[in-house]
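*Asks:* Next up is a structure, given as structure tokens.
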Amino acid sequence: MATRHPHSGAPHRLHSLIEWRALAEMAVLPFSWPLLATAPHGDGHPVLLLPGFMADENTMVALKLFLRGRGYDVQTWGLGRNIGFQRRHMQALEQKIRHVHHKTGRKVSLVGWSLGGVFSLYGALQAPECVRQVITLGSPVNMDAEGSQSPPLVKALYRMIAHPMGPEVHAMQPRAKRLRQGELPPVPMSCLYSISDGVVPPQEATIEADTAGYENIRVAGSHTGMGFNAMVLCIVADRLAQPEGQWAPFRPSGWSGVVYRALTHEALPI
């Protein structure tokens, strides 16, 4: 079961102003190898990585290399730069998921960062028989009727690059009807979020579900640094390593669990 974060409104202005701390997360990553080395290995099933808004496959390089080192068949979406939730990308993504499933004979795990997580959710709704699980990283997967509460600069960039009327136009597409209605895919879903995210507020990055198979996992860090955050990488590896059909909620354990509890609200005695 999953409970949506109670935050309301836009991200705290201070959190938006210090998004540059993502550079520190990138700089620390190479020194986090002892922690990353404790992450479990997987079973080799395909994992499709989906980048965030205005990002391309290169921004997912840390996740790509790390997950390949854990034994996964890591793939990127192959659609170039993510320039918004547009119909041509939606169509191509569904085809990509079905192709990878057919080629490998195994279900595909979808890992999406920011807007890439919305694409992941869409892909799982369109082709659930091909998807093993969905993992989102700071993604706006839960929108209120009044629309996005991201900072004005982020919404202005979307209007300038993706559509002059903003993300609401893309959300109104017929293909996005199930997303608009808040429908969740019939596959396990883990939403990683940070309360200090300066781009996507926590209430939009978390989901509400009263059935098993869905969870929200709090992490410490910035929005733009999630793909380089050592703790995020460890949690993604933990989620992917679960045997197919035996999904269970995240439970921090081992040395990575100690670090996780120290950095989040889970800072309690083990």
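*Asks:* Given the convex hull over the Cα atoms of the chain, what projected area results after averaging over all orientations, in nm²?
*Replies:* Taking the Cα atoms of the chain, their convex hull projects to 13.1 nm² on average.
*Asks:* Please work out how many pairs of lysine residues in the chain are eight or more positions apart (or on different chains) and have Cα atoms closer than 20 angstrom.
*Replies:* Pairs that pass both the separation and distance tests number 4.
*Asks:* Where in the stretch 128-154 is the amide nitrogen less than 20 Å from a point lying 7 Å along the Cα-to-Cβ axis of GLN95?
*Replies:* 128-131
*Asks:* How many percent of DSSP beta bridges within the chain run antiparallel, rounded to 5?
*Replies:* 5
*Asks:* Determine Rg/Rh for the stretch 71-139; Rg is computed over alpha-carbon atoms and Rh is the Kirkwood hydrodynamic estimate from the same atoms.
*Replies:* My calculation puts Rg/Rh at 0.93.
*Asks:* Over all Cα pairs of the stretch 1-89, how is the pair count split among 10 Å bins, expressed in % and running from 0 up to the last occupied bin?
*Replies:* 13, 29, 38, 20, 0
*Asks:* If every alpha-carbon in the stretch 32-160 counts as one equal scatterer, what log10 I(q)/I(0) does Debye give at q = 0.11, 0.18 1/Å?
*Replies:* -0.40, -0.98
*Asks:* Something else: Just reorder THR264, THR211 by solvent-accessible area, largest first, 1.4 Å probe, all chains present.
*Replies:* Of THR264, THR211, the descending order of accessible area is THR211, THR264.
*Asks:* To the nearest 10 square angstrom, what accessible area does LEU23 show with a 1.4 Å probe?
*Replies:* Taking all protein chains as shown, LEU23 has close to 120 Å².
*Asks:* Given the protein chains as shown and a 1.4 Å probe, how many square angstrom of LYS64 are accessible, to the nearest 10?
*Replies:* The accessible area of LYS64 comes to roughly 60 Å².
*Asks:* Per residue of the chain, what 222 nm ellipticity follows from adding -39500 (n - 2.57) for every DSSP H run with n ≥ 4, rounded to the nearest 500?
*Replies:* Theoretical 222 nm ellipticity from helices: -10000 deg cm²/dmol.
*Asks:* Continuing with this model, one more query. Provide the per residue accessible area, probe 1.4 Å, for the stretch 29-125, rounded to a whole number of square angstrom.
*Replies:* Each residue of the stretch 29-125 exposes 41 Å² on average to a 1.4 Å probe.
*Asks:* Keeping the other protein chains in place, figure out the carbon and sulfur percent of the accessible area of the chain, with a 1.4 Å probe.
*Replies:* After summing per-atom areas, the C and S share lands at 60 percent.
The values are calculated or read from the model by the stated rules, or taken from the named source; none is laboratory data. It should be emphasised that the depicted structure is a prediction, and the values quoted were computed from it without experimental measurement. Here Cβ is always computed from backbone atoms with ideal geometry, including for glycine, and neighbour counts include all displayed protein chains. Surface areas here come from the heavy atoms of the whole protein model, side chains and all, with no ligands, DNA or RNA. Shrake-Rupley method; radii C 1.70, N 1.55, O 1.52, S 1.80 Å.
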